[in-house]
Amino acid sequence: MCGIVAATAERDVVPILIAGLKALEYRGYDSAGLSVLADGALARARTVGKVRELEARLDSEPLHGSSGIAHTRWATHGVPSERNAHPHTSVGSVSVVHNGIIENHEALREQLRASGYEFTSDTDTEVIAHLVHHIAKEGANFRDAVAQAIARLEGAFAIAVMSSDAPGTIVGARRGSPLVVGIGIGEHFLGSDVQALIKVTNRFVYLDEGDLVEITRTSMQVFDADGAAVQRRTHQSELSADAVERGEYRHYMLKEIFEQPRAIAETLEGRIAGHRILPNIFGVGALELLPRVRHVQIVACGTSYHAGLVAKYWLEALAGLPCSIEVASEYRYRKVVVPRDSLFVAISQSGETADTLAALREGKRLGYLGSFAICNVPESSLVRESDLVLMTRAGPEIGVASTKAFTTQLSALALLVLELARLNGLDADRCARFVDDLESLPRRVAAALELEPAIATLAERFVAKHHTLFLGRGVNFPVALEGALKLKEISYIHAEAYPAGELKHGPLALVDEDMPVITVAPNNALLEKLKSNIEEVRARGGELFVFADTSVEIPANGERGAVIKVDAGSDLIAPAVFTVPLQLLAYHVAVLRGTDVDQPRNLAKSVTVE
């Protein structure tokens with residue numbers, strides 16, 4: 001959520017800032033703005049709505065400058081409005097953009113008001129601009145003023161600050177929110193992530209927690225949390241500008257749904273061969289740490305939490321290891337008892353999810369055996385701070401509603417589960433069969449994608465609905481949860497998921513001709529139980545839509561529903577395969593309802609605040 005872009009160069013940076021903001025639109029936002037230094041003075045433009053509104057403003061009221069900062073805002077303090085949009089300024093000489101939340105902003109606001117500063121917004125961010133100006137007015141140079149100001153801030157933030165008194169210089173800092181430096185030739189940049197800057201550079205420095213950076217056109221210097229000058233390694237990104245384009249697809253979400261066979265194959269590539277998981281794929285120290293694991297604690301949010309729920313079923317069934325899973329925002333605020341020899345597993349697409357990061361740091365304090373990250377973004381905070389890491393290799397995921405991140409997380413989790421199962425005595429032949437199942441997953445997902453025309457037709461039956469019930473049993477209950485989440489996220493239809501066996505304990509009261517019911521039916525030990533639940537729905541006149549394994553015989557319910565056959569495979573891979581038609585259903589329902597598929601209202605891609 002929220003996005004920062006900053007640039008200092010010889011050329012006009014306004015096109016760079018706008019392009020960067022467009023690349024960050026996937027994060028979710030409600031307003032946009034930028035500041036540039038032009039003819040020795042700060043000039044600013046802000047608008048409510050999309051970046052295209054800001055572009056239109058700049059077409060009619062052009063701004064140009066060789067250094068500038070820009071921002072897309074997702075409202076936390078103050079309603080979406082032009083007065084609350086970033087950048088925020090102080091006395092016309094300091095301008096700041098900010099991701100995160102300043103928890104002590106009210107106390108700082110009162111102190112600054114007492115010093116004569118007037119506030120023109122309802123945001124927590126404006127205090128930063130006034131604080132920097134106030135400190136500089138007392139004699140500190142620009143960089144020191146920013147350093148002293150952030151020392152007084154409580155909370156999480158990434159900021160970029162510029163001043164008319166330090167032309168061509170931009171100072172950035174991070175504490176709890178990500179910020180990267182882009183290295184150009186005779187120009188430097190700041191961004192919330194590499195996608196904001198990939199069109200102007202492929203060389204990046206990832207700031208560590210507590211770092212402050214000062215950039216000019218010709219120089220870049222990083223200072224650590226103690227104020228000491230430090231060297232941070234420069235990385236060359238393999239991400240291409242083409243990777244964040246829609247190509248032939250109408251929406252990023254559809255593109256990412258169809259990228260899943262490749263993304264899963266790349267997640268598995270080089271990690272399995274000869275019917276086994278290859279050694280050393282989990283990083284240095286894994287050979288010593290994993291054999292000692294006697295319990296697994298999984299922490300995640302949203303879609304990643306659903307992936308963790310699937311892994312819990314696998315871990316206990318295959319590895320015989322007890323597994324606990326918790327939403328990160330709950331875990332970090334309760335008293336936790338850590339079982340002996342427990343592995344802490346954190347799952348995040350971005351690696352910058354604030355609650356998951358905070359839970360990881362709390363886990364380190366509590367003394368887990370070790371930490372293990374499953375993540376899609378190299379050099380993210382989660383990756384850097386974990387003992388062991390398994391990257392998902394999904395590539396950029398722009399659509400706010402996660403798709404390929406989920407199925408690649410399941411693929412990565414399956415690798416971890418099978419390795420732990422092997423270490424805990426899983427029969428070698430069974431382990432080999434499961435590895436073979438994993439190898440077939442890209443092919444089965446590709447086959448599921450061929451169902452799109454039928455699912456697009458099916459979506460027409462949901463357009464006028466207001467509620468939908470999803471059902472699943474066993475390892476496919478989390479699939480139902482994920483299906484319901486996708487539908488509510490992008491179509492705005494209220495959707496809930498339940499274990500199918502819970503129907504008679506409450507949800508059955510909701511079933512009538514206006515409540516469609518969606519379920520997945522794998523060919524496993526719970527199939528007959530699920531068939532009984534299906535009959536309970538039919539007996540109440542419910543409209544039932546079943547995604548059934550090709551080997552499962554479930555009669556259609558006439559015009560009161562449909563049965564779609566899916567080649568799902570075993571319980572190890574079925575959750576990923578069944579997820580694909582549910583993603584397609586949510587997508588096509590949203591398109592028919594005319595919602596903003598890639599940027600659904602009120603949501604953000606990378607949730608970097610609580």
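Once both axes come from the Cα atoms, what is the angle between helix 428-449 and the longest principal axis of the chain, in degrees from 0 to 90, rounded to 10?
Rounded to the nearest ten degrees, it is 70.
Using alpha-carbon pairs under 8 Å, 6+ residues apart, how would you state the relative contact order of the chain in percent?
Relative contact order, the chain: 12 percent.
When a/c is below 1.5 the answer is rounded, else prolate if a/b is larger than b/c, else oblate, so apply that to the stretch 252-593 with a ≥ b ≥ c taken from the square roots of the Cα gyration tensor eigenvalues.
Here the stretch 252-593 falls in the prolate category.
Just subtract the alpha-carbon distance of residue 450 and residue 103 from 0.36 nm times their residue separation and send over the number in nm, one decimal.
This chain segment gains 120.0 nm when fully extended.
Could I have the simple spin-label model distance between residue 551 and residue 427, label points 7 Å from Cα toward Cβ, reported in nm to one decimal?
Output for this residue pair reads 1.6 nm.
Just list whichever of 488/565; 312/364; 255/529 have alpha carbons separated by over 32 Å in the model shown.
With Cα atoms farther than 32 Å apart: 255/529.
If we count every other residue with Cβ under 13 angstrom of residue 290's Cβ, Lys/Arg +1 and Asp/Glu -1, where does the sum land?
In short, -1.
In nm, to one decimal, how far is the residue 199 label point from the residue 335 one, both placed 7 Å along Cα→Cβ?
That separation, rounded to one decimal, is 5.4 nm.
For residue 41 and residue 235, FRET efficiency with R0 = 30 Å and r from the beta-carbon atoms, rounded to 0.05?
Working from the Cβ atoms, E equals 0.25.
Give the residue list of chymotrypsin sites (Phe, Trp or Tyr not before Pro) in the stretch 156-217 that are DSSP loop and have at most 16 other beta-carbon atoms within 10 angstrom.
Filter output for the stretch 156-217: empty list.
Once you order the gyration tensor axes a ≥ b ≥ c over the Cα atoms, which shape class does the stretch 3-243 get: rounded for a/c under 1.5, otherwise prolate or oblate by comparing a/b with b/c?
Verdict is rounded for the stretch 3-243.
When Lys and Arg each count +1 and Asp and Glu each count -1, what net charge do the other residues less than 11 Å away from residue 334, Cβ to Cβ, add up to?
Local charge sum for residue 334: -1.
Label residue 164 and residue 138 with points 7 Å out from Cα along Cα→Cβ: what is the distance between them in nm?
2.4 nm
Name the trypsin sites (Lys or Arg not before Pro) in the stretch 332-367 that are in a loop by DSSP and that have at most 14 other C-beta atoms within 10 Å, would you?
334, 335, 340
At 0.36 nm per residue, and after removing the present C-alpha to C-alpha distance, how many nm does the segment from residue 592 to residue 502 gain when stretched out fully?
That pair, residue 592 and residue 502, stretches by 29.3 nm at full extension.
With the cut-off at 1.5 for a/c, could you classify the stretch 82-127 from its C-alpha gyration tensor as rounded, prolate or oblate?
oblate
Need the full-extension length gain, residue 565 to residue 262, defined as separation in residues times 0.36 nm minus the C-alpha distance. One decimal, nm.
106.8 nm
Taking K and R as +1 and D and E as -1, what net charge do the other residues with C-beta under 15 Å from the C-beta of residue 271 add up to?
Residues near residue 271 contribute -3 overall.
Please list, by residue number, everything in the stretch 432-475 whose backbone N is under 15 Å from a paramagnetic label point 7 Å out along Cα→Cβ of residue 269.
The answer is 442-443, whose backbone nitrogens lie closer than 15 Å to the label point.
Which value at 222 nm does the chain reach when only helices count, each DSSP H run of 4 or more adding -39,500 (n - 2.57), with the total divided by all residues and rounded to the nearest 500 deg cm²/dmol?
Mean residue ellipticity at 222 nm (helix-derived): -10500 deg cm²/dmol.
Any read-out appearing in this document is the output of simple, stated calculations on the displayed coordinates, not a laboratory observation. Bear in mind that the values here come from a model prediction, so they are computed numbers and not experimental data. Every residue, glycine as well, gets a Cβ built from its backbone with ideal geometry; the counts of neighbours run over all protein chains shown.
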